[in-house]
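Read the structure below first, then the notes.
No lab work stands behind these numbers, since they all come straight from the coordinates. Note that the structure is predicted; figures quoted are calculated from it, not measured. Neighbour counts are summed over all protein chains in view; Cβ atoms, including those assigned to glycine, are modelled from backbone coordinates with ideal geometry.
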Amino acid sequence: MDRAPQGQPAASDVSVAGAQPSAVQVAGPQTGASAAREAGLLETARAVMWSFFGVRGRSAHERDLARLNPLYVILMGIVLAVGFVVGLVTLVRFVVS
């Protein structure tokens with residue numbers, strides 16, 4: 001809390017004439033179905049594929065941090081990487097033959 005000399009208002013108590021009060025959002029416990037819901041298998045796969053591509057928006061990244069299970073992300077990354085390599089090898093063999 002701001003300490004001002006006695007008789008003077010603290011800096012946080014001073015308001016400007018005509019100024020609109022700013023909206024303050026307080027982070028509290030989230031309620032509703034979206035707060036308790038963990039991301040599913042398809043959402044995890046989508047997030048991992050976007051990370052392979054290297055493009056991710058800030059809001060999507062923050063949402064993923066809150067919802068994705070790190071173990072599932074690692075496992076999905078390994079599975080998709082192996083699938084990608086197998087797909088490339090299969091494509092090259094098909095084209096070469």
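What to note about this one:
- Rounded to whole Hz, the Karplus (6.51, -1.76, 1.60) HN-Hα couplings of region 78-94, x for glycine and proline: 5, 4, 5, 5, 5, x, 5, 5, 4, x, 5, 4, 5, 4, 5, 4, 5
- Each residue of region 44-57 was assigned a 3J(HN,Hα) from its phi angle through the Karplus curve 6.51 cos²θ - 1.76 cosθ + 1.60 (θ = phi - 60°); the sequence is 5, 4, 4, 5, 5, 5, 5, 5, 5, 6, x, 10, 8, x Hz, with glycine and proline shown as x.
- Full-extension gain in nm, PHE84 to SER51, via 0.36 nm per residue minus C-alpha separation: 10.5 nm
- Total charge dipole magnitude, region 38-97, about the Cα centre, Cβ charges on Lys, Arg, Asp, Glu only, Debye to nearest 20: 140
- Per residue Cα convex hull volume in Å³ - calculated over region 38-97: 74
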